[in-house]
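K.L.:
One structure is given below, represented as structure tokens, and several questions about it will come after.
The values are calculated or read from the model by the stated rules, or taken from the named source; none is laboratory data. This one's a predicted model, so the numbers in the text were calculated from it and none came from an experiment. We place every Cβ from the backbone using ideal geometry, glycine too, and count neighbours over all the protein chains shown. Accessible surface is based on the protein model in full, side chains and every heavy atom, while ligands, DNA and RNA are left aside. Shrake-Rupley method; radii C 1.70, N 1.55, O 1.52, S 1.80 Å.
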Amino acid sequence: MKVTTDACLFGAWIAEEVKSQKLKVKSVLDIGAGTGLLSLMVAQKNSEMKIDAIEIDNEATEQAKTNIESSPWKEQINILQDDIKGFSFEKDFDLIISNPPFYENEIRSATDSKNVAHHSENLTLKELLVIIKDNLSKTGSFFLLLPYKRNEEIKKLLKDHELSILKILFVRQSVKHDYFRIMLKGKLNGQENMETEFNEMSIWDDSQQYTNEFKQLLKDYYLHL
């Protein structure tokens, strides 16, 4: 599975949010860890947290194990090859992160591993939100990356599952494009009412160069930025 620019941006955004907000995060759950990208990016910026990264696909899990073992953060990340829907954890998590399958009821690839990664037959958004609610600590936060076209759908689903949105980052491929991704930060519903913070970012400027905002987030991860 390819490492995509929006996934890298998502990982950097999570790591920066945790660090800049000084969130008390000791335990992290990465749902649908793929080849370990998000777990590695978050661990790079936050040395005290322990991460359980669960992935259903065997080949992706083996690649994640190789990537994690080759990194300086291998002691922080525990990779599990299992179906999250049938897996039981013995603790709640301070942070849950997921770049879930994007598509439901859409044209499928001829490649099974791509279908697992991109299509939600194995894990729908509704199922994912139930898992987040069941495994997130009372003061914890969760982060999701989704296609922009599911913007209204996810807002309704979060409300239905008693989850609140703290921040939304709308992402454009360039300043000339419409939004194509949304990044969400949320929490369990509590007693206090908090307004959602809205922001936007473009990956490319009008000269097809990375924007300053993108470079600021990714400079510690990209070798030549």
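K.L.:
Pick from the stretch 179-212 the residues that are aromatic (Phe, Trp, Tyr) and touching a Phe, Trp or Tyr at 6+ places or on another chain (Cβ under 7 Å): which of them is least open to solvent (accessible area, probe 1.4 Å)?
P.N.:
Filtering the stretch 179-212 for residues aromatic (Phe, Trp, Tyr) gives 179-180, 198, 204, 210.
So of that shortlist, the ones also touching a Phe, Trp or Tyr at 6+ places or on another chain (Cβ under 7 Å) come out as 179-180, 204, 210.
Numbers: Tyr179: 61, Phe180: 42, Trp204: 83, Tyr210: 60 Å².
Among those that are aromatic (Phe, Trp, Tyr) and touching a Phe, Trp or Tyr at 6+ places or on another chain (Cβ under 7 Å), it is Phe180.
K.L.:
Can you run down the residue pairs with Cβ atoms below 8 Å, 6 or more apart or on separate chains, where the first is in the stretch 209-222 and without any contact (Cβ under 8 Å) to a residue 40 or more places away in the chain and the partner is of a type in the set (Val, Ile, Thr)?
P.N.:
Here the result reads Tyr210/Ile203; Thr211/Val175; Thr211/Ile203, each pair linking the stretch 209-222 to a residue that is of a type in the set (Val, Ile, Thr).
K.L.:
I would also like to ask the following. Would you pick out the residues in the stretch 90-129 that are in a loop (DSSP other than H, G, I, E, B), in contact with a Leu (Cβ under 8 Å, 6 or more places away or on another chain) and either open to solvent by 40 Å² or more (accessible area, probe 1.4 Å) or at pLDDT 95 or above (or both)? Talk me through it step by step, then tell me what you get.
P.N.:
The initial filter retains those residues of the stretch 90-129 that are in a loop (DSSP other than H, G, I, E, B), namely 90-92, 99-102, 104-111, 120-124.
Still in the list and also in contact with a Leu (Cβ under 8 Å, 6 or more places away or on another chain): 92, 99-102, 104.
Listed by number, the residues that qualify are Asp92, Asn99, Glu104.
K.L.:
Go through the stretch 53-71 and give me each residue that's open to solvent by 20 Å² or more (accessible area, probe 1.4 Å) and either of a type in the set (A, V, I, L, M, F, W, C) or out of contact with any helix residue (DSSP H, G or I) (no Cβ under 8 Å at 6 or more places or on another chain) (or both).
P.N.:
If the condition is that a residue be open to solvent by 20 Å² or more (accessible area, probe 1.4 Å) and either of a type in the set (A, V, I, L, M, F, W, C) or out of contact with any helix residue (DSSP H, G or I) (no Cβ under 8 Å at 6 or more places or on another chain) (or both), then Ile56, Asn58, Glu62, Gln63, Lys65, Thr66, Glu69, Ser70 are the ones that fit.
K.L.:
Something else about it: From the list Lys176, Lys149, Lys138, which residue is part of a helix (DSSP H, G or I) and open to solvent by 40 Å² or more (accessible area, probe 1.4 Å)? Step through it out loud before you land on a result.
P.N.:
Values: Lys176 fails: part of a helix (DSSP H, G or I); Lys138 fails: part of a helix (DSSP H, G or I).
When all the criteria are applied, what remains is Lys149.
K.L.:
Which ones in the stretch 72-85 are of a type in the set (Lys, Arg) and surrounded by 15 or more Cβ atoms within 10 Å (Cβ to Cβ)? Walk me through it before giving the result.
P.N.:
Applying the first criterion (of a type in the set (Lys, Arg)) to the stretch 72-85 yields 74, 85.
Lys74 - this is the single residue of the stretch 72-85 that is of a type in the set (Lys, Arg) and surrounded by 15 or more Cβ atoms within 10 Å (Cβ to Cβ).
K.L.:
Go over the candidates Lys187, Lys167, Lys159, Lys133 one by one and state the one that is under 25 Å from Asp92 (Cα atoms), assigned to a helix (DSSP H, G or I) and touching a residue at least 40 places away in the same chain (Cβ under 8 Å). Let's see the steps before the verdict.
P.N.:
Working: Lys187 fails: assigned to a helix (DSSP H, G or I); Lys167 fails: assigned to a helix (DSSP H, G or I); Lys159 fails: touching a residue at least 40 places away in the same chain (Cβ under 8 Å).
None of the others qualify; the one that does is Lys133.
K.L.:
Next question, about the same structure. Residues that are within 19 Å of Cys8 (Cβ to Cβ) and in contact (Cβ under 8 Å) with a residue 24 or more places away in the chain: which strands (runs of 3 or more DSSP E) entirely in the stretch 22-87 hold 3 or more of them? Full working, then the answer.
P.N.:
Details: elements: 27-31, 50-55, 77-81.
Hits in the stretch 22-87: 27-31, 50-55.
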